[in-house]
Amino acid sequence: MGHVLVVESWVGAMSSLLPRAIREAGHRFTFLTRNLHHYLRQGGGDQVHPILTADNVITAETNDLDLLLPQVQRLHEVLRFDGVVTSCDYYLGTVARLAAHLGLPGSRPQAVEYACRKDLARRRMQAAGLPSPRFATAGDWPGTEAAARTLGYPLVLKPVDLCAGMFVRLVADSTELREAFEAIDAFPVNARGQQRSPQVLLEEVLVGPEVSVETVTVNDRTTVLGVTDKSLAGEPWFVETGHMFPAALDAATVTAVSDMAVAALAAVGFDRGVAHTELRLTAAGPRVVEVNPRPAGNQITELVRRATGVDLPMVYAQLALGEQPDIAVTDTGVRSAAISFLLPPRAGTVARIDGTATLATAEDVVDWAVKPAGHLTGDAVSNNAYLGHVMTVDTSGPGARARADALIAGLGVRYADDLAGALA
């Protein structure tokens, strides 16, 4: 039985999937966090958040690596860790450095840094000769404005170190660019209290369907498990509205996309772990959007598991422990698995979500959830805005996506102020 140190976590699906995978693989884990209340708030009622079912829950300043390294070293001397992981992007670099410091299996710290920073990843791919969109970086408004004039409009502006599509925006002119830049500039600290880089990334717009490639890398050798299709909400934001695995693509496109993802991982030096690489299928061929050196979010790993039998969170933990995971694809009987997300029509307080009775009785629905009454939602400008999801499977073909989308379309969001107005 191995002992895994889990350093922080997202509070969404992966915060349940990773603990489950560690336990089902026959291992135990200790959870390390700087803010226990962040997770206590997520349990709801009397429920304990899954990440807090750890054998040990320890508080430490996870945002200060200089303090954290010796503290974890002392913990290691007592508790004896066999691996270190996180499900939260903001601590991937920390985990890589902890693993290296303790002499435990893990990705190269520099590779994780390259992959997590969107600007560094772009430069590494450019240096490797991969076809990429034209891009530029800047650290202030004058530099951003000058870079935009050089690149030309329209373009995409994004922070170099945030997740879930936060503040990623398509801009058509200098006015929109200034609005987008100021929004990023007004968010100097991320959701986990870490100081952000002032750098922004400006990119040529990539036109075409978006997909992602799910991979496992062991000792610099990458295996592709498959390609996931992705749908996005309307411009100017890049909010993901659904996914299907495997994507309904021809064999030649799958090969081209897979090869590009593998090349991108090699460009950043990624040598060990699970990765989720996003690309656009442009008229000139596949182009990388970003490299993520961790399992996919938005429950894509569950789609992969249902279609292939491979549990990527479990593989992720096993690699961190130095084990050789079994990633052989098996016939599960599922030909496609999909998830579709419910986005808020507007900001407000949710009174109820209608139409869920259909979800509870549909045989092809394998998972669904919606936000409860009283949930306060903002506008749909990032992947953090979801009000719910529906996951479906199809045992005969690639129909899971259309089915999930249709079920989401059948849900209705009712707001408290609407109901109050009707009763007035």
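The values are calculated or read from the model by the stated rules, or taken from the named source; none is laboratory data. Just so it is clear, the model here is predicted, and its values are computed rather than measured. Don't worry about glycine lacking a Cβ; one is built from the backbone with ideal geometry, like all the others, and counts go over all protein chains shown. Remember, those area values only see protein heavy atoms, side chains included, never the ligands or the DNA or RNA. Shrake-Rupley method; radii C 1.70, N 1.55, O 1.52, S 1.80 Å.
Run Ser132 past the list (1) open to solvent by less than 60 Å² (accessible area, probe 1.4 Å); (2) hydroxyl-bearing (Ser, Thr, Tyr); (3) not in a loop (DSSP other than H, G, I, E, B) and report the number of the one that doesn't hold.
(3)
What do you reckon, is Gly103 under 21 Å from the mean Cα position of the chain (by Cα) and open to solvent by 30 Å² or more (accessible area, probe 1.4 Å)?
no
Of the conditions (1) under 30 Å from Thr137 (Cα atoms); (2) in a strand (DSSP E or B); (3) β-branched (Val, Ile, Thr); (4) open to solvent by 20 Å² or more (accessible area, probe 1.4 Å), Thr215 satisfies every one except a single condition; which number is it?
For Thr215, the exception is condition (4).
If we keep just the residues of segment 247-286 that are under 18 Å from Gly208 (Cβ atoms) and assigned to a loop (DSSP other than H, G, I, E, B), which is most open to solvent (accessible area, probe 1.4 Å)?
So, considering only residues that are under 18 Å from Gly208 (Cβ atoms) and assigned to a loop (DSSP other than H, G, I, E, B), the one most open to solvent (accessible area, probe 1.4 Å) is Ala283.
Would you call Gly333 open to solvent by less than 40 Å² (accessible area, probe 1.4 Å), part of a loop (DSSP other than H, G, I, E, B) and at pLDDT below 95?
No, not satisfied.
Pairs needed: first member in segment 301-317, under 16 Å from Asp364 (Cβ atoms); second member anywhere, aromatic (Phe, Trp, Tyr) and open to solvent by less than 20 Å² (accessible area, probe 1.4 Å); C-beta distance under 6 Å; at least 6 residues apart or different chains.
Leu303/Phe245; Ala307/Phe245
Name, by its number, the condition in (1) on the phi < 0 side of the Ramachandran plot; (2) modelled with pLDDT of 95 or more that does not hold for Gly234.
(2)
Kindly evaluate Ala338 against the criterion of being surrounded by 13 or more Cβ atoms within 10 Å (Cβ to Cβ), assigned to a strand (DSSP E or B) and touching a helix residue (DSSP H, G or I) at 6+ places or on another chain (Cβ under 7 Å). It would help to see each step written out before you state the result.
On the way: surrounded by 13 or more Cβ atoms within 10 Å (Cβ to Cβ): yes; assigned to a strand (DSSP E or B): yes; touching a helix residue (DSSP H, G or I) at 6+ places or on another chain (Cβ under 7 Å): yes.
So Ala338 passes the test.
Rundown of residues vs (1) hydroxyl-bearing (Ser, Thr, Tyr); (2) touching a residue at least 60 places away in the same chain (Cβ under 8 Å), yes/no style:
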{"site": "Leu321", "(1), (2)": "no, yes"}
{"site": "Val329", "(1), (2)": "no, yes"}
{"site": "Pro372", "(1), (2)": "no, no"}
{"site": "Gly378", "(1), (2)": "no, no"}
{"site": "Tyr386", "(1), (2)": "yes, no"}
{"site": "Val393", "(1), (2)": "no, yes"}
{"site": "Arg401", "(1), (2)": "no, yes"}
